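S.K.: Okay, here's the structure, questions in a sec.
The values are calculated or read from the model by the stated rules, or taken from the named source; none is laboratory data. The shown structure was predicted, so the numbers you read here are calculated from the model rather than taken from an experiment. Please note: Cβ atoms are built from the backbone with ideal geometry, for glycine as well, and neighbour counts cover all protein chains shown.
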Amino acid sequence: MSNLLALSGVNTRIGHYHILQGVDFVVPQGGLTILLGRNGAGKTTCLRTIMGLWKASAGCIDFDGADIVGRSTPAVAQLGIGYVPESMGIFAGLTVRENLTLAARAGPIDQGRLDWMFGLFPALKKFWQLPAGFLSGGQKQMLAIARAMIEPRKLLLVDEPTKGLAPAIIAHMVDAFRELKRTDTTILLVEQNFNFARALGDTVAVMDSGRIVHSGNMSELAEDEALQQRLLGLSLDAHQ
Amino acid sequence: MSLAKDALPVARLDKIPLALIPVIAAAALPLIPSLPTWVTLTVAGLAMGMMIFIMASGLTLVFGLMDVMNFAHGAFITIGAFVATSVLLPLAGWTQADSLWRNLAALLLAILASMAVTGALGVAFERVIIKPVYGQHLKQILITMGGLIVAEQLIIAIWGPDMIALPKPATLRGSFIYGDIAIEKYRVLAVLVGLAVFAAMFLVLNRTRVGLLIRAGVEDSEMVESLGYRIRRVFIGVFAAGSALAGLGGVMWALYQETVTSAMGMQVMILIFIVIIIGGLGSVGGCFIGSLLVGLVANYVGFLAPKVALGSNILLMVLILLWRPQGLYPVAKR
């Protein structure tokens, strides 16, 4: 399987802080890669650096054969990368319809794709004309993911989609991501909920202190409790 | 399952701020000795409010979208007024002719020239002055105040230090008389222009993709960029449009006052800031309602208690902020 995204030696500095200190990992085409790590490990910074929201001070980010370091955020997005930030980035004053219309850059929303999206997230159909600010946390997360996928994207970056969600909603999210995987969309998912990660991930990279400390197949990590304990430590107990 | 339960929820407009305008007008009615006076004051208040809205709408959009405190907005108002003098005074043959069409043609030319000049200056101002201080409010205040002072001095250098008289076009002077009620013609024009600007902004913001981008950008510009849009280009367009609207407001305000001075923009900025704070920073609808409230209150209080007229708008702002601390129509921000 070829790699759609490959980071090598990526460094990111925010002010005086050296957050990413030589990050190396790959995201295979068509798979779902989980980026795990403790709070403050640099996972969110990693996604923001890929999106060009923070500039990499060194290293290479190869996406679909092109180095995207130094490109503006819109230019990165136009390459076919969808991004769901940790804050979800929902436009609260815009309706669900307007949020999705804005995300469909190519023109009117494709009805077939919209119907498929409604199948994944029925709440979006119900609240189609409601300002997104009125949605619940789970519904906002659904809208954020739907917005990133309303047009076919080569790569979807999702930052902690289960954060603050009830178990029933998380189970729904697992189903939705499984459905997305069936469309051969490549997904890079930052997550702290190991059960969620284990249920979905094909490959995994574990970050600590701005570096990748482990990468491989998710099944290997899922079966090796000692490795989990070494890599993720207390965060496993806290987030399972 | 009942039909009511199946019904899709839709957004509902908060009508309470809208109701304030008729409530204030109705509350003033018993205090004012005669109906014709009340009608005259109400039309004057609405006309003043519309002109303030034209001048303020650009500033509230610029603040909402770009998070820029542009104290130099008043300079664009002044420049718009002075450009109008440069167009209208040489066209005195048209403006003083007893022909509505010639008068309106001259006025239209002045408006187009003012908007073109202030719009172009707005782009240059954004590129040279504003761009280096995005996200730094203190520096924005200092540098835009500096820009305002420099602009005022440049205006004096170009047009001279003296006040310039700018008479209204001949057919826009005087009043429409209905029995005992007199309504100034120019105020009717100001209301019509204000309504046209509001309708145009409403349509652009709510019915076009650019409007959708602006509204989304006001909330979270970073997310708009993450969706693949170059929000900086929208910034420049909004700044140019906001400056052009200030220019239009300057023309309307100058003809209303019939004089133009280099300090006129600065003088009206206090009212503009009150209006955009009352309306909710970044909210065009709130700015519209706030402008009308300020216009009405200024006229009613100016008639009933002239000594407190100056403070009436500050009091209005305080009362509204006590009721709604984020303004009448707060804009959601991430």
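S.K.: When only residues in the stretch A:71-89 that are in a loop (DSSP other than H, G, I, E, B) and under 18 Å from the mean Cα position of the chain (by Cα) count, which is farthest from the other protein chains (Cβ to nearest Cβ)? Break it down stepwise before answering.
M.R.: So the first thing to find is which residues in the stretch A:71-89 are in a loop (DSSP other than H, G, I, E, B), and the list is A:71-72, A:79-80, A:85-89.
Filter once more, so that each one left must be under 18 Å from the mean Cα position of the chain (by Cα): A:79-80, A:85-89.
Numbers: A:Leu79: 9, A:Gly80: 9, A:Pro85: 7, A:Glu86: 12, A:Ser87: 6, A:Met88: 9, A:Gly89: 4 Å.
Selected residue: A:Glu86.
S.K.: Also, quick follow-up: Starting from the stretch A:12-39, keep only residues that are farther than 24 Å from A:Lys163 by Cα, then list their pairs with residues that are of a type in the set (Asp, Glu) whose Cβ atoms are within a distance under 7 Å, requiring at least 6 positions of separation or different chains.
M.R.: A:Gly30/A:Asp184
S.K.: So how many residues does the stretch B:271-288 have that are at pLDDT 90 or above, among the aliphatic types (A, V, I, L, M), surrounded by fewer than 24 Cβ atoms within 10 Å (Cβ to Cβ) and more than 10 Å from the chain's Cα centre (by Cα)?
M.R.: 2
S.K.: Any residue in the stretch B:232-244 that is surrounded by 24 or more Cβ atoms within 10 Å (Cβ to Cβ), within 14 Å of chain A (Cβ to nearest Cβ) and over 19 Å from the mean Cα position of the chain (by Cα)?
M.R.: Within the stretch B:232-244, not a single residue is surrounded by 24 or more Cβ atoms within 10 Å (Cβ to Cβ), within 14 Å of chain A (Cβ to nearest Cβ) and over 19 Å from the mean Cα position of the chain (by Cα).
S.K.: Looking only at the stretch B:204-217, count how many residues are more than 8 Å from chain A (Cβ to nearest Cβ) and in contact (Cβ under 8 Å) with a residue 12 or more places away in the chain.
M.R.: Final tally of qualifying residues: 4.
S.K.: So A:Thr162 passes all but one of these: (1) under 13 Å from the mean Cα position of the chain (by Cα); (2) closer than 26 Å to A:Gln78 by Cα. Which condition number does it fail?
M.R.: Tallying (1) under 13 Å from the mean Cα position of the chain (by Cα); (2) closer than 26 Å to A:Gln78 by Cα, A:Thr162 fails exactly one: (2).
S.K.: Now, a different point. Suppose we keep only residues that are free of Cβ contacts under 8 Å to residues at least 40 places away in the same chain and farther than 27 Å from B:Trp94 by Cα within the stretch B:154-185. Which one would you say is surrounded by the most Cβ atoms within 10 Å (Cβ to Cβ)?
M.R.: Residue satisfying both the conditions and the ranking: B:Leu154.
S.K.: Looking at the stretch A:123-140 only, could you name the residues that are away from chain B (no Cβ under 11 Å) and either touching a strand residue (DSSP E or B) at 6+ places or on another chain (Cβ under 9 Å) or loosely packed, with under 14 Cβ neighbours inside 10 Å (or both)?
M.R.: A:Ser136, A:Gly137
S.K.: How many residues, within the stretch B:103-123, are touching a residue at least 24 places away in the same chain (Cβ under 8 Å) and over 14 Å from B:Phe239 (Cβ atoms)?
M.R.: Of the residues in the stretch B:103-123, 10 are touching a residue at least 24 places away in the same chain (Cβ under 8 Å) and over 14 Å from B:Phe239 (Cβ atoms).
S.K.: Picking from B:Val210, B:Val224, B:Val188, which residue would you name as being within 30 Å of B:Leu104 (Cα to Cα) and at pLDDT 90 or above?
M.R.: Working: B:Val210 fails: within 30 Å of B:Leu104 (Cα to Cα); B:Val224 fails: within 30 Å of B:Leu104 (Cα to Cα).
Only one candidate passes the filter, namely B:Val188.
S.K.: Check off (1) farther than 13 Å from A:Gly30 by Cα; (2) surrounded by fewer than 18 Cβ atoms within 10 Å (Cβ to Cβ); (3) among the charged types (D, E, K, R) for A:Lys154 and give me the number that stays unchecked.
M.R.: Unmet condition: (1).
S.K.: Within the stretch B:289-301, can one find any residue that is free of Cβ contacts under 8 Å to residues at least 24 places away in the same chain, at negative phi and either outside any helix (DSSP H, G or I) or surrounded by fewer than 24 Cβ atoms within 10 Å (Cβ to Cβ) (or both)?
M.R.: Within the stretch B:289-301, one or more residues are free of Cβ contacts under 8 Å to residues at least 24 places away in the same chain, at negative phi and either outside any helix (DSSP H, G or I) or surrounded by fewer than 24 Cβ atoms within 10 Å (Cβ to Cβ) (or both).
S.K.: Take the residues in the stretch A:90-122 that are among the β-branched types (Val, Ile, Thr) and assigned to a helix (DSSP H, G or I), then tell me which one is farthest from the other protein chains (Cβ to nearest Cβ).
M.R.: Out of the qualifying residues, it is A:Val96.
S.K.: Does at least one position in the stretch B:124-132 carry a residue that is farther than 29 Å from B:Thr42 by Cα, in contact with a helix residue (DSSP H, G or I) (Cβ under 8 Å, 6 or more places away or on another chain), in contact (Cβ under 8 Å) with a residue 60 or more places away in the chain and surrounded by fewer than 16 Cβ atoms within 10 Å (Cβ to Cβ)?
M.R.: Yes, there is a match, as at least one residue in the stretch B:124-132 is farther than 29 Å from B:Thr42 by Cα, in contact with a helix residue (DSSP H, G or I) (Cβ under 8 Å, 6 or more places away or on another chain), in contact (Cβ under 8 Å) with a residue 60 or more places away in the chain and surrounded by fewer than 16 Cβ atoms within 10 Å (Cβ to Cβ).
S.K.: Only residues that are free of Cβ contacts under 8 Å to residues at least 24 places away in the same chain and buried (at least 16 other Cβ atoms within 10 Å of the Cβ): list them for the stretch B:186-197, please.
M.R.: B:Leu189
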